[in-house]
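J.: Got a structure for you, written out below as structure tokens; questions coming shortly.
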Amino acid sequence: MNEGAIGGQMVLTHEIANYPGVENISGYELARTMKSQAQKFGCVIKSNIKIASLELNDDLKKLLLMIKMFYTSNAVIISTGGKSRMIGALSENEFKVRVFHTVQLVMVIFSG
Ligand SMILES: Cc1cc2nc3c(=O)[nH]c(=O)nc-3n(C[C@H](O)[C@H](O)[C@H](O)COP(=O)(O)OP(=O)(O)OC[C@H]3O[C@@H](n4cnc5c(N)ncnc54)[C@H](O)[C@@H]3O)c2cc1C
């Protein structure tokens, strides 16, 4: 489950230069490959779902979503990663989102 697009921080870069087993690949392409590999092994991926809180005390763990729904699971792996610090410039977040969408669009166009 991911609050944004699948791939996390790596989709923000046009070039992943040192990932094990891969000499050079775009972040978008690596994320796409990881996604399809995981799906081939039966992994169900849900994007655009923000987890608001977790209840982990019982055997059946509860994941409460921002949209006031919840999922239950026998196990939970938390990998919330990192976020780059913003400098507080005007419209900074808007430009970051625009760059992100442009990078994704360009990758889709050039990868066919
Ligand atoms: C510009 C750039 C270039 C990079 N280049 C390289 C490189 O060449 N080689 C390299 O090895 N690494 C590179 N990295 C670093 C690499 O992208 C990160 O180390 C890697 O993405 C970390 O993966 P992660 O899964 O731990 O975390 P993240 O990629 O941060 O993923 C965490 C995910 O958790 C989600 N999340 C967080 N909180 C919630 C919540 N409450 N509910 C639901 N979802 C949530 C986020 O949306 C995010 O998708 C680069 C990073 C950037 C930004």
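Quick note: the coordinates plus some simple rules give every number you see, no bench work behind them. Keep in mind it's a predicted model, so treat the numbers as computed, not measured. Don't worry about glycine lacking a Cβ; one is built from the backbone with ideal geometry, like all the others, and counts go over all protein chains shown.
J.: Provide F70, F95 in ascending order of the number of other Cβ atoms located within 10 Å of each residue's Cβ, fewest first.
T.: So the ranking, lowest neighbour count to highest, is F95, F70.
J.: Right, here's the next one. Amide H to amide H, which residues 5 or more places from F70 or on other chains are under 5 Å from it, using H placed in the peptide plane?
T.: L65
J.: What residues qualify as long-range amide H neighbours of I16, i.e. H under 5 Å apart, gap of 5 or more or another chain, H built at 1.01 Å from N?
T.: I25, S26, G27
J.: Over 25 Å between C-alpha atoms is what I'm after, so list which of K40/K68; K40/K96; K50/K83; K35/K68; K61/K96; K40/K83 land there.
T.: K40/K68; K40/K96; K35/K68; K61/K96; K40/K83
J.: Could you run the Karplus curve 6.51 cos²θ - 1.76 cosθ + 1.60 with θ = phi - 60° over segment 66-81 and give me ³J(HN,Hα) per residue in whole Hz, x for Gly and Pro?
T.: 4, 8, 6, 10, 9, 10, 10, 7, 6, 9, 9, 10, 9, 9, 7, x
J.: With n ≥ 4 as the cut-off for DSSP H runs, can you work out [θ] at 222 nm for the chain, using -39500 (n - 2.57) per run divided by the number of residues, rounded to the nearest 500?
T.: -10000 deg cm²/dmol
J.: Between Y71 and V97, 0.36 nm times their residue separation minus their Cα-Cα distance comes to what? Don't skip to the answer; put the middle values down first.
T.: Details: separation 26, 0.36 × 26 = 9.36 nm, distance 2.83 nm.
That works out to 6.5 nm of additional length.
J.: Moving on to the next point. Are there trypsin sites (Lys or Arg not before Pro) in segment 48-89 that DSSP puts in a loop and that have at most 11 other Cβ atoms within 10 Å, and which ones?
T.: Details: sites: K50, K61, K62, K68, K83, R85; in loops: K50, K68, K83, R85.
Loop-located and lightly packed - K50, K68, K83, R85.
J.: For the chain, just run the numbers: alpha carbon Rg, then divide by 2.2 N^0.38 Å, N being how many residues it has.
T.: 1.25
J.: Under a Cβ-only charge scheme (Lys and Arg +1, Asp and Glu -1), can you give me the dipole magnitude of the chain about the Cα centre, in debye to the nearest 20?
T.: For the chain, the charge dipole is close to 220 debye.
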